[in-house]
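The values are calculated or read from the model by the stated rules, or taken from the named source; none is laboratory data. In this text, all values refer to a predicted model and were calculated from it rather than measured experimentally. Glycine also receives a Cβ, built like all others from the backbone with ideal geometry; neighbour counts cover every protein chain displayed. The protein model used for the area step is the full one, side chains on, heavy atoms only, and it has no ligands, DNA or RNA in it. Shrake-Rupley method; radii C 1.70, N 1.55, O 1.52, S 1.80 Å.
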Amino acid sequence: QVQLVESGGGLVQAGGSLRLSCAASGSRFSINAMAWYRRAPGKERELVARITDSTTTNYADSVKGRFAISRDNTKNTVYLQMNSLKPEDTAVYYCHVVVGWSRPTAYWGQGTQVTVSS
């Protein structure tokens with residue numbers, strides 16, 4: 001019912017910046033929450049950032065102060081601005097979107113690779 005298209009990943013040097021985007025499309029739906037997860041080599045998937053409305057956000061301690069999540073409701077798009085990137089940020093980043101309210105349903109993006117060189 002809902003498809004997620006991610007973009008913005010790439011290769012950057014430590015200290016650089018990237019901006020990830022995730023656009024949701026499909027039939028009628030209403031997004032109630034959006035988030036970014038990541039899975040680094042040899043590690044389990046972890047929550048990076050979550051936004052439930054235009055002002056309510058949560059961040060992993062490891063990215064707090066460096067990353068910023070935002071959303072554009074008119075475009076059904078969530079962004080992740082990543083600054084001061086570190087090699088340990090290297091991972092596949094996945095967009096996660098929850099749609100609906102009475103019966104919420106979760107959708108995952110295909111993932112976008114972020115590689116930070118040292």
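Couple of notes before you dig in:
- Equivalent ellipsoid, the range 26-95 (semi-axes from 5 times Cα gyration tensor eigenvalues, Å): 23, 14, 10
- Split the accessible area of the chain by element, probe 1.4 Å, and carbon with sulfur accounts for 46%.
- Comparing 71, 103, 19 in a Gaussian network model of the chain, where Cα atoms under 10 Å apart are tied by springs, the biggest mean-square fluctuation is seen for 103.
- The chain - convex hull of alpha carbons, volume per residue in Å³: 97 Å³
- For the pair residue 75 and residue 118, a Förster radius of 35 Å applied to the C-beta separation gives a FRET efficiency near 0.50, rounded to the nearest 0.05.
- Within-13-Å neighbourhood charge of residue 82 [Cβ basis; K, R +1; D, E -1]: +3
- Fraction of antiparallel bridges per DSSP, the chain only, in percent to nearest 5: 90 percent
- Residue-normalised accessible area of the chain, given per residue in Å² at a 1.4 Å probe: 55 Å²
- Based on Cα contacts under 8 Å between residues 6+ apart, the chain shows a relative contact order of 35 percent.
- Along the range 21-28 the Karplus relation, 6.51 cos²θ - 1.76 cosθ + 1.60 evaluated at θ = phi - 60°, assigns HN-Hα couplings of 10, 9, 10, 9, 9, x, 6, 4 Hz to successive residues, with x for each Gly and Pro.
- 20 Å Cα-Cα reach of residue 43 towards aspartates and glutamates, excluding residues that sit fewer than 8 places from it in its own chain: 61, 88, 89
- Among 52, 30, 94 - extreme Cα towards positive end, dipole of the range 8-118, charges at beta-carbon: 30
- Alpha carbon centroid spacing (whole Å) that separates the range 25-83 from the range 92-117: 8 Å
- Difference of contour (0.36 nm per residue) and Cα-Cα distance, residue 101 to residue 32: 24.1 nm
- Shown in residue order for the range 30-46 are the 3J(HN,Hα) couplings computed by the Karplus curve 6.51 cos²θ - 1.76 cosθ + 1.60 at θ = phi - 60°: 10, 8, 9, 7, 9, 8, 10, 10, 8, 10, 8, x, x, 10, 7, 5, 9 Hz (x for Gly and Pro).
- Using distinct alpha-carbon pairs, which all enter the 1/r mean, Kirkwood radius of the range 1-62 in Å: 13.9 Å
- The range 63-80 - phi-based ³J(HN,Hα) in whole Hz, Karplus 6.51/-1.76/1.60, Gly and Pro as x: 10, 4, x, 10, 9, 9, 9, 8, 9, 10, 5, 5, 10, 6, 10, 10, 10, 9
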